[in-house]
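Contents: one structure, followed by commentary.
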Amino acid sequence: MSLTIENLQASVDGTPILKGLNLDIPAGEVHAIMGPNGSGKSTLSKVIAGHDDYEVTGGKVLLDGVDIADLEVDERSRAGIFLAFQYPAEVPGVSNANFLRAALQARMPDGEEIDAVGFYKSMYAKMDELEMDRKFTKRAVNEGFSGGEKKRNEILQMMMLDPRYALLDETDSGLDIDALKVVAKGVNSMRSPQRGFLVITHYQRLLDYIKPDVVHVMSDGQIVKSGGAELALELEANGYDFLKQTV
Ligand code: ADP
Ligand code: MG
């Protein structure tokens, strides 16, 4: 099992952003991507999730060897791809509980109903784990949530949807240290040999709590360097100056 990206190229409004990107995440592993602003990290996560602002102009995104390029966003989600957005969207008029329930219902075989009692039990258990107040079940998805509350809510969605691959785009930004630990605990509780993670972050700090198997550096639409967890420490100490010397 793996999520494999081969020579991926993607553009926005005709401007190339991803320029032949290669990445292989075997199930069971946590890969981190770091890199300067504007290098295309969020674009990569959105292209994998199937966001339609981006035109894939070449290459492949393979889930267990099957190209998912032609699948719509919802089909990719049902196939097991989950994206926690850098800037989570608000969904006015839809309560958090109903949103999650609808998302899970959409994954049920035709004619089967989600068990309401089991659903609430599972949601409350996960909210407890994330130290989220129950009042968030009734509030509209992300509406008026603080930055940190939105990020926590993204992790709640991830935990409920139980994805095969979770892409977390700067889930740590806007979190204080206590919230960061709570989010990391949620992510770590989901680590399993069957599941992979792609964690995009600016800061080594998150990786103190979510230990990556591999760290990649992205620059100008490509992965330019990969290494172990120690690479994140090196980047924290020395920055991205080395990128300038290589070109
Ligand atoms: P990162 O997450 O690494 O900071 P992004 O993927 O957000 O980088 O952005 C990479 C480049 O693509 C930037 O120059 C950004 O302005 C551009 N870009 C990304 N998404 C869009 C979009 N929807 N419309 C126009 N430009 C975009
Ligand atoms: Mg980004």
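The values are calculated or read from the model by the stated rules, or taken from the named source; none is laboratory data. None of the values given here were measured: they were computed from a predicted structure. Virtual Cβ from ideal backbone geometry, glycine too; neighbours counted across all protein chains shown. The accessibility values were calculated without ligands, DNA or RNA, using every heavy atom of the protein model including side chains. Shrake-Rupley method; radii C 1.70, N 1.55, O 1.52, S 1.80 Å.
Checking each residue in the range 37-80 for being assigned to a loop (DSSP other than H, G, I, E, B), in contact with a Leu (Cβ under 7 Å, 6 or more places away or on another chain) and under 19 Å from Val215 (Cβ atoms) picks out only Gly40. In summary, strands (runs of 3 or more DSSP E) completely within the range 173-247 and bearing 2 or more residues that are closer than 18 Å to Met159 by Cα occur at 196-200. Once the range 51-68 is narrowed to residues that are modelled with pLDDT of 95 or more and within 16 Å of the chain's Cα centre (by Cα), the residue that is farthest from Leu243 (Cα to Cα) is Leu63. The sole residue among Arg101, Arg139, Arg78 that is under 26 Å from Val47 (Cα atoms), open to solvent by 60 Å² or more (accessible area, probe 1.4 Å) and either polar (S, T, N, Q) or touching a helix residue (DSSP H, G or I) at 6+ places or on another chain (Cβ under 8 Å) (or both) is Arg101. When the residues of the range 145-178 are filtered to those that are more than 10 Å from the chain's Cα centre (by Cα) and hydroxyl-bearing (Ser, Thr, Tyr), the one that is least open to solvent (accessible area, probe 1.4 Å) is Ser173.
Only a single item in (1) touching a Pro at 6+ places or on another chain (Cβ under 7 Å); (2) open to solvent by less than 10 Å² (accessible area, probe 1.4 Å); (3) among the polar types (S, T, N, Q) is not met by Thr201, and it is number (1). Which residue is surrounded by the fewest Cβ atoms within 10 Å (Cβ to Cβ), if the candidates are limited to the range 81-98 and must be assigned to a loop (DSSP other than H, G, I, E, B) and touching an Asp or Glu at 6+ places or on another chain (Cβ under 7 Å)? The qualifying residue surrounded by the fewest Cβ atoms within 10 Å (Cβ to Cβ) is Glu90.
For the range 1-39, the set of residues classified as open to solvent by 10 Å² or more (accessible area, probe 1.4 Å), under 16 Å from Val199 (Cβ atoms) and either without any contact (Cβ under 8 Å) to a residue 24 or more places away in the chain or within 14 Å of ligand 2 (Cβ to nearest atom) (or both) consists of Asp24 only.
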